[in-house]
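Right, one structure below, let's go through it.
The values are calculated or read from the model by the stated rules, or taken from the named source; none is laboratory data. None of these values were measured; they are calculated from a predicted model. Quick reminder, even Gly has a Cβ in these numbers, built from the backbone with ideal geometry, and neighbours come from all protein chains shown. In case anyone asks, the SASA skips ligands and DNA or RNA and just uses the protein heavy atoms, side chains included. Shrake-Rupley method; radii C 1.70, N 1.55, O 1.52, S 1.80 Å.
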Amino acid sequence: GPTRRDFLATSAVTLSAAAYAGAGRKPNDRVRVAVMGLRVRGKQLAPAFAAAPNVEVTHLIDPDPAMVKPALDALKNPASPPKAATDVRTVLDDKTVTALVVAAPDHWHALATLWAAERGKHVYVEKPVSHNLAEGRRMVEAARKYKVVVQAGTQRRSQ
């Protein structure tokens, strides 16, 4: 069966394709991804997204600056090293960022997704997507309103 790495690569490609289609991009344009939450999942996801065709990890975001170096090391010397940030909001204001990967603690998932959607960014959000139905409904409404793709990472179900 598919491995976890296969799933992550597929997710990255899916998000990339959605970003191309949603933003009217050409196939050789790069999707510029910021990764939020680096302690565990973000450190695992950053290299998976970076390995996908036409994807560049542009930012590594964590309130603890000590989390950046291990995540950067996991990328294995990218041609263009990502910038470090402690506040996702400043990164979301960067018009060159195409998508946000939300791997922060669970209580940040819904809010970060809403902030990203409002700024026209596509989102890959880890599970659980939200703490309750109201948060989840707002995430769906934001994706539709701002015409962005929001993909939830539910590996066992997706595999």
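Side notes on the structure shown:
- Residue list for the range 47-105, restricted to those being under 25 Å from Asp29 (Cα atoms) and among the acidic types (Asp, Glu): Glu56, Asp93, Asp94
- Here Leu75 does not qualify as modelled with pLDDT of 85 or more and touching an Asp or Glu at 6+ places or on another chain (Cβ under 6 Å).
- Answer residue from the range 121-136, given it is of a type in the set (Gly, Ala, Ser) and touching a residue at least 12 places away in the same chain (Cβ under 8 Å) and is surrounded by the fewest Cβ atoms within 10 Å (Cβ to Cβ) among those: Gly136
- Of everything in the range 121-155 that is in a loop (DSSP other than H, G, I, E, B) and of a type in the set (S, T, N, Q), the residue that is nearest to the chain's Cα centre (by Cα) is Thr154.
- Every test in (1) within 18 Å of Val33 (Cα to Cα); (2) modelled with pLDDT of 90 or more; (3) open to solvent by less than 50 Å² (accessible area, probe 1.4 Å) is passed by Lys147 save one, and that test is (3).
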